[in-house]
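Q: Okay, here's the structure, questions in a sec.
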Protein chains: 2
Amino acid sequence: MSRAVPPKQREQIVVIGADAAGMSAAHQALRSAKAAGRDVDVIALEKTSDTSYSACGIPYLVSGTVGTTDELSARTPEKHRAMGVDLRMNVTATQIDLDTRTVTYAHNAGGEEEVVRFDKLVLATGAHPIIPEWAVTDGGELVGGVHPVKDLDHARHWLDLVSRRARGGIAIRRRAVVVGGGYIGVEMAEAMVQRGFSTTLLTRSAVMSSLDSDMSERVRETVQAGGVDVVTNTTVADIDIDSVDGHVRSVTGSNGQVYPTDVVVLGLGVHPATELGVAAGLPIGERGGYLPNERQEVAEGVWAAGDCCEVIDRIRGKYVLAPLGTHANKQGRICGYNTVGGSHEFPGVLGTAITRFVSAGTHVEVARTGLGTREATEAGYDVESLVTVGGTASGYMPERSPIATKIIADRRTRRLLGVQIVGGAQSAKRIDTAAAVLWGEMSVDDLAAMDLSYAPPFATVWEAIQLAARRLSDRM
Amino acid sequence: MSRAVPPKQREQIVVIGADAAGMSAAHQALRSAKAAGRDVDVIALEKTSDTSYSACGIPYLVSGTVGTTDELSARTPEKHRAMGVDLRMNVTATQIDLDTRTVTYAHNAGGEEEVVRFDKLVLATGAHPIIPEWAVTDGGELVGGVHPVKDLDHARHWLDLVSRRARGGIAIRRRAVVVGGGYIGVEMAEAMVQRGFSTTLLTRSAVMSSLDSDMSERVRETVQAGGVDVVTNTTVADIDIDSVDGHVRSVTGSNGQVYPTDVVVLGLGVHPATELGVAAGLPIGERGGYLPNERQEVAEGVWAAGDCCEVIDRIRGKYVLAPLGTHANKQGRICGYNTVGGSHEFPGVLGTAITRFVSAGTHVEVARTGLGTREATEAGYDVESLVTVGGTASGYMPERSPIATKIIADRRTRRLLGVQIVGGAQSAKRIDTAAAVLWGEMSVDDLAAMDLSYAPPFATVWEAIQLAARRLSDRM
């Protein structure tokens with residue numbers, strides 16, 4: 001009999017996607033394995049030529065606030081490799097086989113497909129930008145000048161678009177249409193204004209429609225005052241394309257208006273990139289994302305993290321979409337722990353979000369956490385709410401700016417359900433205090449009574465969000 | 001038999017002290033009485049000629065940031081009267097008689113004392129600035145050029161002192177010594193620097209000694225870099241007074257150094273003004289303040305609010321001093337409710353505080369909440385702590401400034417006990433998030449996991465205080 005035995009294979013963790021979620025998982029797995037004295041190999045497959053970049057930073061790159069795409073990279077591929085990750089760039093995973101425990105991938109440059117075995121698998125495939133039909137040519141390409149804002153290749157494309165001074169020998173008039181009134185839409189509208197574009201923002205419903213309509217209207221007013229022509233309740237009905245160079249010439253709104261333009265920003269959100277998992281038989285939710293359990297597991301030995309997942313809304317106890325880098329990082333880390341024997345749990349989200357719009361003379365900040373009035377009502381709460389306008393600093397201080405705070409609470413239990421802020425400089429980050437109150441399932445009375453910080457440059461003696469909570473508490 | 005009956009006397013509420021606590025009580029009593037359909041008279045006695053001013057704003061008045069003392073007044077006496085308060089200004093309460101239910105008061109301008117009956121009494125007598133012996137002449141007056149910073153009369157005095165260009169025909173060299181390294185000391189040092197004074201700050205222990213020493217040292221470094229000569233572990237041993245005009249010429253530190261100066265700021269804190277109550281037989285605590293119960297009652301039908309009270313520290317469950325306008329406003333309001341039959345409760349404090357120091361090229365913000373390491377250790381906790389330096393915005397954003405966060409937690413229960421922040425612009429107000437976590441008695445893991453806001457201008461993807469909590473959580 002032969003004495004040869006197959007060499008013991010090292011434990012192999014494969015991560016698909018090398019951005020926030022994937023690389024958080026990869027490094028945490030390596031750290032945890034090291035701490036436990038376990039030998040593991042971590043292989044990461046990345047479709048693009050970029051790792052660990054800040055998608056949220058792209059509007060600030062396009063606006064010129066950030067100098068180079070490199071600055072948006074948290075870690076280069078070389079750095080990841082130096083830290084022990086077997087990182088394979090410019091490769092696209094084409095198949096997951098949960099029976100043979102393998103992932104097949106193709107080199108983007110061509111050549112033979114490869115197969116890699118996994119003991120543990122982490123899906124961190126992110127999300128695709130939503131591309132409407134009118135933005136695509138019959139040939140399946142994006143119309144010239146029309147582009148989404150999701151990854152660094154998009155960022156490079158936008159830097160090119162905003163730098164162009166002429167097209168076909170004709171000077172570009174620098175007009176932009178931004179489609180979508182959410183976070184990316186507003187941030188890109190700011191970028192286009194800062195680049196000197198005459199900018200129109202078209203939105204299906206309202207600007208920042210994740211806010212209640214009274215708060216969203218405050219945002220619309222200031223964005224409009226900041227030089228953006230905001231058109232609400234309007235979608236794109238048609239697009240006019242230059243027959244010579246295939247470049248966009250105008251879009252026609254569902255309101256019948258024609259908006260001549262040089263570029264169109266697609267800021268319509270994203271949908272989870274779950275094709276691979278679906279083909280492998282993994283279930284997805286009604287919003288198209290994987291449905292991880294509290295340990296971020298989607299199948300035996302398979303975890304998922306980041307924008308490809310749905311997440312549990314803590315207040316309603318149901319799956320929602322919340323494609324944000326903060327969750328991706330936290331979930332990735334949890335996957336990393338759990339692939340090497342940990343049992344860490346992701347405790348869900350509140351729907352906290354923040355942004356701002358700044359142009360000459362205008363500075364509006366926007367934030368929200370928890371449920372809006374409609375969401376809370378639909379969830380069965382007996383909703384009471386109130387908007388209070390206060391100040392970010394004492395009335396006599398030059399840094400004072402206005403802050404409108406909407407407090408949403410349940411009349412029966414007095415539990416705080418949500419807070420929305422629209423205000424000037426230094427207003428929006430106060431949302432975190434409200435998020436902490438929601439996290440602790442505290443009441444509107446707790447928020448009104450708690451010991452928050454006061455000094456003239458930082459707050460009014462009744463802190464703005466606390467004054468708002470007190471007024472609602474008094475009324476309830 | 002005579003049919004004459006004595007006219008029914010209207011219920012009378014007397015408030016002693018017409019600043020934040022007293023006037024919050026007075027107006028809430030009137031509002032609550034009106035809502036309940038009760039007839040009450042509210043009489044307020046005020047020793048000075050000012051009502052409802054912002055003591056915290058005085059350094060910004062002295063610095064020139066705020067233009068006039070009027071701007072620091074939230075409400076004038078006329079406004080209070082128009083709202084229904086029987087406000088008697090420039091009168092000093094001299095005696096409280098709890099048996100006859102009367103308060104005796106003298107007009108500061110002289111004349112007969114008056115006696116006013118009360119059904120309900122609210123003590124809102126505030127605090128006295130601490131005046132060391134060396135600052136007082138044999139005649140019992142303050143040495144010329146030496147002054148505290150507590151009320152608007154002090155503010156007016158300081159405006160006069162910083163405006164003087166000469167004294168006795170000799171040009172003033174504009175040198176200032178600030179004694180005391182707490183909030184007022186640091187804020188007045190900023191004011192003096194902004195007024196062009198060469199400024200020395202003497203402090204018995206450290207700058208911001210309410211912080212742990214490692215954090216306090218960070219403050220010292222930046223205040224020093226901002227142009228203040230900071231001398232720690234030093235008290236004033238002696239003072240040299242001009243024999244001609246009685247004005248300060250220098251102070252000598254306990255370190256033997258002589259500091260020539262034109263003015264001396266007394267920033268040594270305050271002690272509760274409780275003489276009246278003590279004379280009337282009311283108990284006070286070891287820190288000299290009244291000891292109200294949770295409804296702010298100090299005797300049957302007698303309430304107290306604001307700086308004259310000790311307050312319950314929520315974490316340790318014991319009385320402490322926390323003379324701050326935020327507590328005064330909240331407690332005054334509770335007294336107002338309760339004088340007309342309410343049963344509102346003050347839920348205690350966390351010790352939250354915030355300030356900043358700004359001079360050319362320097363901007364440091366400082367905040368704390370909960371217990372420091374020494375306090376927590378003395379309270380019997382098994383203390384674990386860690387300082388983490390992060391950023392207030394993404395690394396590629398121009399508004400990013402550093403933020404050092406110290407997290408203090410209990411190893412046994414993992415409960416968060418305290419947070420301290422020293423950082424640049426937009427760092428310190430994050431303390432409120434930590435305060436909310438403490439209020440909800442949450443753990444360091446909760447702080448690390450919760451859904452806080454992120455966008456590049458506002459935070460890093462792991463929010464700074466959350467990154468700090470996560471690192472401590474990992475280590476525990």
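Q: With the structure loaded, tell me whether B:ALA25 is closer than 27 Å to A:PRO456 by Cβ, touching a His at 6+ places or on another chain (Cβ under 8 Å) and buried (at least 24 other Cβ atoms within 10 Å of the Cβ) or whether it fails that test.
A: Details: closer than 27 Å to A:PRO456 by Cβ: yes; touching a His at 6+ places or on another chain (Cβ under 8 Å): no; buried (at least 24 other Cβ atoms within 10 Å of the Cβ): yes.
So B:ALA25 fails the test.
Q: Related question: Of all residues in the range A:339-354, count the ones that are open to solvent by 10 Å² or more (accessible area, probe 1.4 Å) and more than 7 Å from chain B (Cβ to nearest Cβ). Show your work before the answer.
A: Step one: of the range A:339-354, the residues open to solvent by 10 Å² or more (accessible area, probe 1.4 Å) are A:340-347, A:351, A:353.
From what is left, the residues that are more than 7 Å from chain B (Cβ to nearest Cβ) are A:340-346, A:351.
Qualifying residue count for the region: 8.
Q: Next question. On the given criteria, is A:GLY390 away from every other protein chain (no Cβ under 12 Å), crowded, with 24+ Cβ neighbours inside 10 Å and not aromatic (Phe, Trp, Tyr)?
A: Values: away from every other protein chain (no Cβ under 12 Å): yes; crowded, with 24+ Cβ neighbours inside 10 Å: no; not aromatic (Phe, Trp, Tyr): yes.
When the stated conditions are applied, A:GLY390 does not pass them.
Q: Return the pair list, or none, for Cβ contacts closer than 6 Å from residues in the range A:89-115 that are over 18 Å from A:VAL15 (Cβ atoms) to residues that are of a type in the set (Gly, Ala, Ser), at least 6 apart or on different chains.
A: A:GLU113/A:ALA106
Q: Restricting to the range B:437-476, and then to whatever is within 21 Å of B:GLY370 (Cα to Cα) and in a loop (DSSP other than H, G, I, E, B), can you tell me which residue is farthest from the chain's Cα centre (by Cα)?
A: B:MET476
Q: Go through the range A:313-329 and count every residue that is among the aliphatic types (A, V, I, L, M) and away from chain B (no Cβ under 11 Å). I'd like the intermediate steps shown before the answer.
A: From the range A:313-329, those among the aliphatic types (A, V, I, L, M) are A:315, A:320-322, A:324, A:328; that's our starting set.
If we keep only those that are away from chain B (no Cβ under 11 Å) too, we end up with A:320-321.
Residues that pass the stated criteria total 2.
Q: Let me ask something additional. For the range A:63-78, which residues satisfy the criterion of being part of a helix (DSSP H, G or I) and closer than 20 Å to A:GLY126 by Cβ?
A: Start the filter on the range A:63-78 by keeping residues that are part of a helix (DSSP H, G or I), which leaves A:69-72, A:77-78.
Scanning the range A:63-78 gives A:THR69, A:LEU72, A:PRO77.
Q: While we're here: It is to be established whether one or more residues within the range A:397-410 are out of contact with any strand residue (DSSP E or B) (no Cβ under 9 Å at 6 or more places or on another chain) and either within 14 Å of chain B (Cβ to nearest Cβ) or open to solvent by 10 Å² or more (accessible area, probe 1.4 Å) (or both).
A: Initially, the range A:397-410 is screened for residues out of contact with any strand residue (DSSP E or B) (no Cβ under 9 Å at 6 or more places or on another chain), giving A:398-399.
This time we only want the ones that are either within 14 Å of chain B (Cβ to nearest Cβ) or open to solvent by 10 Å² or more (accessible area, probe 1.4 Å) (or both), so: A:398-399.
Yes - at least one qualifying residue is present in the range A:397-410.
Q: Please verify whether the range B:136-157 includes one or more residues that are buried (at least 16 other Cβ atoms within 10 Å of the Cβ), in a loop (DSSP other than H, G, I, E, B) and charged (D, E, K, R).
A: Scanning the range B:136-157, I find at least one residue that is buried (at least 16 other Cβ atoms within 10 Å of the Cβ), in a loop (DSSP other than H, G, I, E, B) and charged (D, E, K, R), so the answer is yes.
Q: Also, I was wondering about something else. Just a yes or no: is a residue in the range B:245-256 open to solvent by less than 30 Å² (accessible area, probe 1.4 Å) and among the hydroxyl-bearing types (Ser, Thr, Tyr)?
A: Within the range B:245-256, one or more residues are open to solvent by less than 30 Å² (accessible area, probe 1.4 Å) and among the hydroxyl-bearing types (Ser, Thr, Tyr).
Q: Collect the residues in the range A:164-178 that are over 28 Å from the mean Cα position of the chain (by Cα) and in a strand (DSSP E or B), keeping them in residue-number order.
A: Hits for the range A:164-178 are A:ALA166, A:ARG167, A:ILE170, A:ALA171.
Q: Among the residues of the range B:1-28 satisfying the criterion of being among the aliphatic types (A, V, I, L, M) and touching a helix residue (DSSP H, G or I) at 6+ places or on another chain (Cβ under 6 Å), which is modelled with the lowest pLDDT?
A: Let us first name the residues in the range B:1-28 that are among the aliphatic types (A, V, I, L, M), namely B:1, B:4-5, B:13-16, B:18, B:20-21, B:23, B:25-26.
Next, only the ones that are touching a helix residue (DSSP H, G or I) at 6+ places or on another chain (Cβ under 6 Å) stay: B:13, B:15, B:20-21, B:25.
Values: B:ILE13: 98, B:VAL15: 98, B:ALA20: 92, B:ALA21: 96, B:ALA25: 97.
Selected residue: B:ALA20.
Q: Continuing with the same structure: Among the residues of the range B:186-194, is there at least one that is surrounded by fewer than 19 Cβ atoms within 10 Å (Cβ to Cβ), at pLDDT 95 or above and not in a strand (DSSP E or B)? Write out each step before concluding.
A: Pass one, the range B:186-194, residues surrounded by fewer than 19 Cβ atoms within 10 Å (Cβ to Cβ): none.
No, the range B:186-194 contains no residue that is surrounded by fewer than 19 Cβ atoms within 10 Å (Cβ to Cβ), at pLDDT 95 or above and not in a strand (DSSP E or B).
Q: Could you check, for the range B:77-97, whether at least one of its residues is touching a helix residue (DSSP H, G or I) at 6+ places or on another chain (Cβ under 9 Å), among the polar types (S, T, N, Q) and within 17 Å of A:GLY395 (Cβ to Cβ)?
A: Checked the range B:77-97: no residue is touching a helix residue (DSSP H, G or I) at 6+ places or on another chain (Cβ under 9 Å), among the polar types (S, T, N, Q) and within 17 Å of A:GLY395 (Cβ to Cβ).
Q: Can you tell me which condition A:GLY181 does not meet? The list is (1) in a strand (DSSP E or B); (2) open to solvent by less than 30 Å² (accessible area, probe 1.4 Å); (3) among the small types (Gly, Ala, Ser), and all the others hold.
A: Against the list (1) in a strand (DSSP E or B); (2) open to solvent by less than 30 Å² (accessible area, probe 1.4 Å); (3) among the small types (Gly, Ala, Ser), A:GLY181 comes up short only on (1).
Q: Run B:ARG475 past the list (1) modelled with pLDDT of 95 or more; (2) closer than 19 Å to B:LEU417 by Cβ; (3) more than 7 Å from chain A (Cβ to nearest Cβ) and report the number of the one that doesn't hold.
A: (1)
Q: So, one more: Quick check on the range B:355-383: of everything there that is small (Gly, Ala, Ser) and at pLDDT below 95, which residue is least open to solvent (accessible area, probe 1.4 Å)? If you could, list the steps in order and put the result at the bottom.
A: Just the residues of the range B:355-383 that are small (Gly, Ala, Ser), to begin with: B:359-361, B:367, B:370, B:372, B:376, B:379-380.
If we keep only those that are at pLDDT below 95 too, we end up with B:359-361.
Working: B:SER359: 14, B:ALA360: 102, B:GLY361: 92 Å².
Among residues in the range B:355-383 that are small (Gly, Ala, Ser) and at pLDDT below 95, the one least open to solvent (accessible area, probe 1.4 Å) is B:SER359.
Q: What is the one condition in (1) outside any loop (DSSP other than H, G, I, E, B); (2) touching a residue at least 60 places away in the same chain (Cβ under 8 Å) that A:LEU211 does not satisfy?
A: Here A:LEU211 clears every test but (1).
Q: Of all residues in the range B:29-52, count the ones that are buried (at least 24 other Cβ atoms within 10 Å of the Cβ) and at pLDDT 95 or above.
A: Residues of the range B:29-52 buried (at least 24 other Cβ atoms within 10 Å of the Cβ): B:29, B:42, B:44-46, B:51.
Those left that are additionally at pLDDT 95 or above: B:29, B:42, B:44-46.
Residues meeting the conditions: 5.
Q: Output the residues belonging to the range A:431-459 that are more than 7 Å from chain B (Cβ to nearest Cβ) and surrounded by 22 or more Cβ atoms within 10 Å (Cβ to Cβ). Before you say what the answer is, go through the steps one by one.
A: At the first step, the residues of the range A:431-459 found to be more than 7 Å from chain B (Cβ to nearest Cβ) are A:434, A:438, A:441, A:443-445, A:447-448, A:459.
Within the range A:431-459, A:ALA434, A:LEU438, A:VAL444, A:LEU447, A:ALA448, A:ALA459 meet the criteria.
Q: A:LEU282 versus (1) within 14 Å of chain B (Cβ to nearest Cβ); (2) open to solvent by 10 Å² or more (accessible area, probe 1.4 Å): which is the lone unmet condition?
A: Unmet condition: (1).
Q: Is it fair to say B:SER443 is out of contact with any helix residue (DSSP H, G or I) (no Cβ under 6 Å at 6 or more places or on another chain) and among the polar types (S, T, N, Q)?
A: Values: out of contact with any helix residue (DSSP H, G or I) (no Cβ under 6 Å at 6 or more places or on another chain): yes; among the polar types (S, T, N, Q): yes.
When the stated conditions are applied, B:SER443 passes them.
Q: If you don't mind, another one. Can you pull out every residue in the range A:462-476 that is surrounded by fewer than 22 Cβ atoms within 10 Å (Cβ to Cβ) and touching a Ser or Thr at 6+ places or on another chain (Cβ under 7 Å)?
A: Listed by number, the residues that qualify are A:LEU467, A:ARG471.
Q: In addition: Please determine whether any residue of the range B:86-106 is among the aliphatic types (A, V, I, L, M), surrounded by 18 or more Cβ atoms within 10 Å (Cβ to Cβ) and touching a Gly at 6+ places or on another chain (Cβ under 9 Å).
A: Yes - at least one qualifying residue is present in the range B:86-106.
Q: Out of contact with any strand residue (DSSP E or B) (no Cβ under 6 Å at 6 or more places or on another chain), open to solvent by 10 Å² or more (accessible area, probe 1.4 Å) and at pLDDT 95 or above, is that true of A:ALA305?
A: Details: out of contact with any strand residue (DSSP E or B) (no Cβ under 6 Å at 6 or more places or on another chain): yes; open to solvent by 10 Å² or more (accessible area, probe 1.4 Å): no; at pLDDT 95 or above: yes.
No, not satisfied.
Q: Kindly indicate which of A:ARG287, A:ARG316 is surrounded by fewer than 24 Cβ atoms within 10 Å (Cβ to Cβ) and within 17 Å of the chain's Cα centre (by Cα).
A: Details: A:ARG316 fails: within 17 Å of the chain's Cα centre (by Cα).
Testing whether each residue is surrounded by fewer than 24 Cβ atoms within 10 Å (Cβ to Cβ) and within 17 Å of the chain's Cα centre (by Cα) leaves just A:ARG287.
Q: B:GLN426 passes all but one of (1) more than 10 Å from chain A (Cβ to nearest Cβ); (2) open to solvent by 50 Å² or more (accessible area, probe 1.4 Å); (3) modelled with pLDDT of 95 or more; which number fails?
A: (1)
Q: Residues of the range B:53-85 being more than 10 Å from every other protein chain (Cβ to nearest Cβ), surrounded by 20 or more Cβ atoms within 10 Å (Cβ to Cβ) and in contact with a strand residue (DSSP E or B) (Cβ under 7 Å, 6 or more places away or on another chain), which ones?
A: B:TYR53, B:PRO77, B:HIS80, B:VAL85
Q: Check B:ALA127 against each of (1) within 30 Å of B:SER243 (Cα to Cα); (2) within 23 Å of the chain's Cα centre (by Cα) and name the one condition it does not meet.
A: (1)
The values are calculated or read from the model by the stated rules, or taken from the named source; none is laboratory data. Worth saying up front: this structure is predicted, and the values here are computed from it rather than measured. Cβ coordinates were reconstructed from backbone atoms using ideal geometry, including for glycine residues, and neighbour counts include every protein chain displayed. We work out accessible area using only protein heavy atoms, side chains counted, and drop any ligands, DNA or RNA first. Shrake-Rupley method; radii C 1.70, N 1.55, O 1.52, S 1.80 Å.
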